[in-house]
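Report on the structure given below.
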Amino acid sequence: MFNDIGGLELVTIVVLAILVFGPDKLPKVISDVTGFIRKIRAFSDSAKQDIRSELGPDFKDFEFEDLNPKTFIRKQLTENEDLKEIRSSFDLRKELNEVTDAVNGQETESPAGGTTSLEKKPEGPAAAPRTAAYDLDAT
């Protein structure tokens, strides 16, 4: 629950708690908060059990964590056999190298065995290299 709290934040919370509640009331406040958290967890667990019993025996393996969209998508992506096959046939490194070569203007090998350039080559009078006009007043 508090995995992203660092040391400095924890020290700040402790100092603020001591300033707000005082050193003599702080142990009672901590025990009240932990008791409240335990009650909430017990209520949540009993509600989950009630829902599972109401759903029936078909949903014995139902996990409430699967209702989280990130967990659901991650589970579907890792357990789907068709996606595993597609992922294994796709070579990301090769695709990135081809795109990099195309951007740099290098020729790549085509599936037919020849080489093709992925950049357009101008034809006719436009094929001669042009130099950009340089304006001294603009600089």
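Bear in mind that the values in this text are calculations on the coordinates, not laboratory data. Being a predicted model, the structure only gives us computed values, none of them experimental. For neighbour counting, all protein chains shown are included, and Cβ atoms are generated from backbone atoms with ideal geometry for every residue, glycine included.
Summary of computed values
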quantity: Contour minus Cα-Cα distance for residue 4 and residue 135 (0.36 nm per residue); calculated: 41.6 nm
quantity: Length released on extending from residue 101 to residue 80, taking residue separation times 0.36 nm less the Cα-Cα span; calculated: 4.2 nm
quantity: Residue 87 paired with residue 41, simple spin-label distance in nm, labels 7 Å along Cα-to-beta-carbon; calculated: 3.2
